[in-house]
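The values are calculated or read from the model by the stated rules, or taken from the named source; none is laboratory data. Quantities reported herein were computed from a predicted structural model and do not represent experimental measurements. Here Cβ is always computed from backbone atoms with ideal geometry, including for glycine, and neighbour counts include all displayed protein chains. In case anyone asks, the SASA skips ligands and DNA or RNA and just uses the protein heavy atoms, side chains included. Shrake-Rupley method; radii C 1.70, N 1.55, O 1.52, S 1.80 Å.
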Amino acid sequence: MLIVLPPSETKAPGGTDAAMQLSFPSLDAVRTLLIDVLTATDVGTQMRELKIPAGKRAEAEENLALRTAPVMPAIERYTGVLYDALDVSTLGDAALARLAVGSALFGVVRAGDLIPRYRVSGGSKVGGKTMKAWWGTSVTDVLGDQGFVVDMRSGAYQQLGPVPGALTVRVEQADTGKVVSHFNKQYKGELARALAPHDATCAEDVADIASAAGFDVSVDGTLLTMRV
């Protein structure tokens with residue numbers, strides 16, 4: 001099982017002076033071109049294309065030094081509500097090996113991949129091209145080779161690499177059936193933390209693990225619904 005998480009706009013600073021280390025080498029050609037374009041694009045253009053607000057200019061400037069910037073494991077680089085709920089410090093190596101993160105810049109990375117801090121989102125343009133145009137079918141092809149996938153990415157990132165047959169997750173209010181928006185990431189982080197220690201091979205396995213962990217879930221085809 002591979003659990004694919006959404007990235008976060010907020011990213012931890014710092015890291016070590018090691019080189020970038022990325023899984024899924026078939027994505028390297030697109031990654032290299034994207035980094036080439038970003039590091040050669042002036043800050044003003046990046047801020048317009050990447051929709052970076054004026055107060056975040058420093059984040060655009062960081063894109064100019066992607067190849068020499070400090071790196072850290074992806075699962076530590078991404079921050080925010082989902083990653084707080086995931087609480088990676090409680091997960092062992094086997095659980096971490098089942099986690100991956102969708103990325104506009106890198107396509108998809110495993111939890112332990114060493115990445116720099118960057119600012120590119122799924123709805124961005126780089127060099128005048130949408131991220132969907134950059135990635136084509138590359139991410140779909142890679143994830144399609146990973147066996148059973150639980151896809152927790154948000155819509156914009158799912159579009160960068162849809163995975164036919166993957167189990168997707170919907171979080172809804174138990175009383176109204178409406179999609180939960182505000183705490184959606186928190187619940188997905190909690191679910192991912194519960195699933196990662198187990199080697200599920202199908203949607204029914206996931207539902208059983210989630211139910212045993214105290215979640216109210218049901219499965220309909222390739223959709224798991226969590227009621228909160």
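In table form, for the structure just shown:
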quantity: Tabulated pairs, segment 1-28, first closer than 20 Å to ASP141 by Cβ and free of Cβ contacts under 8 Å to residues at least 40 places away in the same chain, second surrounded by 11 or more Cβ atoms within 10 Å (Cβ to Cβ) and aliphatic (A, V, I, L, M), C-beta under 8 angstrom, 6+ apart or interchain; calculated: ASP28/LEU22
quantity: Output for segment 158-179, where each listed residue is within 23 Å of VAL30 (Cβ to Cβ) and open to solvent by 30 Å² or more (accessible area, probe 1.4 Å); calculated: GLN158, GLN159, PRO162, PRO164
quantity: Residue within segment 31-45 that is assigned to a helix (DSSP H, G or I), β-branched (Val, Ile, Thr) and either touching a helix residue (DSSP H, G or I) at 6+ places or on another chain (Cβ under 6 Å) or closer than 23 Å to THR168 by Cβ (or both) present; calculated: yes
quantity: Qualifying residue in segment 90-113 (condition: open to solvent by 50 Å² or more (accessible area, probe 1.4 Å), in contact with a helix residue (DSSP H, G or I) (Cβ under 8 Å, 6 or more places away or on another chain) and hydroxyl-bearing (Ser, Thr, Tyr)); calculated: yes
quantity: Count - residues of segment 203-220 that are touching a residue at least 24 places away in the same chain (Cβ under 8 Å) and under 13 Å from GLU190 (Cα atoms); calculated: 2
quantity: SER26, sole failed condition from (1) touching a helix residue (DSSP H, G or I) at 6+ places or on another chain (Cβ under 7 Å); (2) assigned to a helix (DSSP H, G or I); (3) surrounded by 14 or more Cβ atoms within 10 Å (Cβ to Cβ); (4) of a type in the set (Gly, Ala, Ser); calculated: (3)
quantity: Criterion: in a loop (DSSP other than H, G, I, E, B) and of a type outside the set (D, E, K, R) - qualifying residue of ALA174, ALA156, ALA194, ALA210; calculated: ALA174
quantity: Candidate set from segment 43-64 (those that are in contact (Cβ under 8 Å) with a residue 40 or more places away in the chain and aliphatic (A, V, I, L, M)); member that is nearest to ARG117 (Cα to Cα); calculated: ALA60
